[in-house]
1. Of everything in the range 259-278 that's small (Gly, Ala, Ser) and in contact (Cβ under 8 Å) with a residue 24 or more places away in the chain, which residue is surrounded by the most Cβ atoms within 10 Å (Cβ to Cβ)?
2. Those residues that are of a type outside the set (A, V, I, L, M, F, W, C) and surrounded by fewer than 21 Cβ atoms within 10 Å (Cβ to Cβ), I need them from the range 169-180; list them, please.
3. Do we find a residue being out of contact with any His (no Cβ under 7 Å at 6 or more places or on another chain) and without any contact (Cβ under 8 Å) to a residue 24 or more places away in the chain anywhere in the range 243-250?
4. Quick one: which strands (runs of 3 or more DSSP E) sit completely within the range 226-277 and have at least 3 residues that are out of contact with any Gly (no Cβ under 7 Å at 6 or more places or on another chain)?
5. Taking ALA201 as the residue in question, decide whether it is farther than 20 Å from GLY282 by Cα and at pLDDT 95 or above.
6. Across the range 17-37, which residue is surrounded by the most Cβ atoms within 10 Å (Cβ to Cβ) among those that are among the small types (Gly, Ala, Ser) and in a helix (DSSP H, G or I)?
7. Being touching a helix residue (DSSP H, G or I) at 6+ places or on another chain (Cβ under 6 Å) and not in a helix (DSSP H, G or I), is that true of even one residue in the range 199-210?
8. Residue by residue through the range 59-77, note down the ones that are in contact (Cβ under 8 Å) with a residue 40 or more places away in the chain and in a helix (DSSP H, G or I).
Amino acid sequence: MKAWINGHFIEATDAKVGFFDAGFQHGIGLFETMLARGGAVLRLEEHLLRLAASARELRLFDPLQIEPLAEAVQVTLAKNQMKDARVRVTLTAGDMGRPFAGANAAGEKPAPPQPTVAVHVQPPTRYPDELFAKGVGVSIAEGRANPHDPFAGHKTSMYWPRIAAVQRAAELGCAEALWFSITNHLASGSVSNIFLAKDGALRTPFARGEEAAGATRSPVLPGCTRAAVILWAEGTAIPVERANLSIEDVLAADEIFLTNSSWGVMPVVRVERHQVGAGTPGPITRAMREKWLA
């Protein structure tokens, strides 16, 4: 297996970044995880546009040229002779200096960092069919998403709290952990977006960039699979509302499902001890799952 790092192919077992790379030292970086099927990367442009927008907004790197990066993704797939794959693109601030590059004693600005850009492919995660046929349970994360955090709603490398929440969920027999905001509004899963179905309509939390004028900024990542589900639903006359949702809305939902680029659409039938609806994947969830599989 070969990884693409800064324009060069390296055996994955030999792939490395410098000790002073800001991604290693400080978690300063962004990433995108995508799925390839039959040699085509699903929603590649949308993923890379989101990556470029975050890099610009968070002042990591601007401009990020998505056309050559998309080519690097395709070439990496071909180099590894893979048609179906899990694809990860990682962008860090690179070597920011020894020590951390702040203003120096003379008051001079440090030289701009040279970013590290990497593309890695591996076989896709195979989820048991039973998860989609029967649905999964979710827990409530102990942490809270902060709408006042300018990094919330971006796919940054600062993922430890999310991973810890998933690990805690697994200890409770759950597949994912739901995050609420500091205002107690539903945000997302640790690694997914969330939809609630009620009376034949879908509801989903506002994502970053969807807020009304003057509203508090959303800490929710605008998921690429989430965007596709919204289009599919609206195209089949299923109303979709973006809203501030509470735990009461979650517990009153007829159906709940999660979306991300790896599993697509995942039915949720249990929120800790609470059964969702009839306790089986509902018709809207199954319809959106079929759209994704198609």
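1. Among those that are small (Gly, Ala, Ser) and in contact (Cβ under 8 Å) with a residue 24 or more places away in the chain, it is SER261.
2. Residues satisfying the conditions are GLU171, GLY173.
3. Yes: the range 243-250 contains one or more residues that are out of contact with any His (no Cβ under 7 Å at 6 or more places or on another chain) and without any contact (Cβ under 8 Å) to a residue 24 or more places away in the chain.
4. 240-243, 264-271
5. Taking the combined requirement at face value, the residue does not satisfy it.
6. ALA22
7. Yes, the range 199-210 contains at least one residue that is touching a helix residue (DSSP H, G or I) at 6+ places or on another chain (Cβ under 6 Å) and not in a helix (DSSP H, G or I).
8. Across the range 59-77, the qualifying residues are LEU69, ALA72, VAL73, VAL75, THR76, LEU77.
The values are calculated or read from the model by the stated rules, or taken from the named source; none is laboratory data. If you're wondering where the values come from, they're calculated on a predicted model, not measured in any experiment. Positions of Cβ are backbone-derived with ideal geometry, glycine not excepted, and every protein chain shown enters the neighbour counts.
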